[in-house]
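Derivation of every value follows stated rules applied to the coordinates shown; laboratory data play no part. Predicted model only: the values in this text are computed from it and were never measured. Here Cβ is always computed from backbone atoms with ideal geometry, including for glycine, and neighbour counts include all displayed protein chains.
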Amino acid sequence: MQALHLAIPEVVLFTPKFFGDDRGFFFESFIQTAFEEATGLKRSFIQDNHSKSQRGVLRGLHYQLNPMAQGKLVRVIQGEVFDVAVDIRKNSPTFGKWVGEILSAENRKQLWIPEGFAHGFLTLSETAEFVYKTTNIYSPSSERAIMWNDPDLAIDWPIENQPLLSGKDEKAALLKNAEVF
Ligand SMILES: Cc1cn([C@H]2C[C@H](O)[C@@H](COP(=O)(O)OP(=O)(O)O[C@H]3O[C@@H](C)C(=O)[C@@H](O)[C@H]3O)O2)c(=O)[nH]c1=O
């Protein structure tokens, strides 16, 4: 498992070692010790989620407030997305900064998004299936969303038209008005 710290170093990009043969392929999709070594964190993942989206769907930017904050280890098992993590920890030197990576079934990359970050993704393929592990359970009352196109974030989404959003995400807050960490 290869691990790369991104421009916001708490966000880590994992690339599993891949074994292809005549039958198909094999890879280890999660190794607790590799995760702990790369992040320096001890975490228990207690929920797995799976969603499917059509092209142009943008989900985000989502987070849950403390004490229900979630770290997320995310990947794509069909299709391709542009995945974004935004640092929303007020006392962080990278507060308000974002990092983005293409995650696809083909590149098998996984992104670790720690607690204290908002997360979202844009679907680039016809459909994309997105799976992720979380360090905390779902808590609708702790859930918050920041606007995908907040000018203070200036995320460079690879999209020309308006994305498809949920009703909830259409009403998301701007970072300057949002309850953060
Ligand atoms: C996230 C979630 C949703 N749900 C339900 C609530 C709702 O009826 C339906 C769809 O929920 P949402 O519209 O919030 O799903 P979605 O927009 O896919 O939300 C997800 O977006 C990405 C970007 C994240 O980072 C995730 O943490 C999560 O917030 O599923 C659960 O039961 N458990 C969960 O853990």
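Here are the numbers:
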item	result
Count of residues meeting criterion [within 27 Å of PHE95 (Cα to Cα), surrounded by 13 or more Cβ atoms within 10 Å (Cβ to Cβ) and either among the hydroxyl-bearing types (Ser, Thr, Tyr) or within 15 Å of the chain's Cα centre (by Cα) (or both)] in region 5-41	10
Flag if GLY167 is farther than 17 Å from GLN47 by Cβ and away from the ligand (no atom under 11 Å from the Cβ)	no
Filter result (assigned to a strand (DSSP E or B) and more than 10 Å from the ligand (Cβ to nearest atom)) within region 123-141	THR123, THR127, ALA128, GLU129, VAL131, LYS133
Residues that are of a type in the set (A, V, I, L, M) and either part of a loop (DSSP other than H, G, I, E, B) or away from the ligand (no atom under 15 Å from the Cβ) (or both), drawn from region 78-96	ILE88
Every residue from region 101-122 that is surrounded by 16 or more Cβ atoms within 10 Å (Cβ to Cβ), at negative phi and in a loop (DSSP other than H, G, I, E, B)	LYS109, PRO114, GLU115
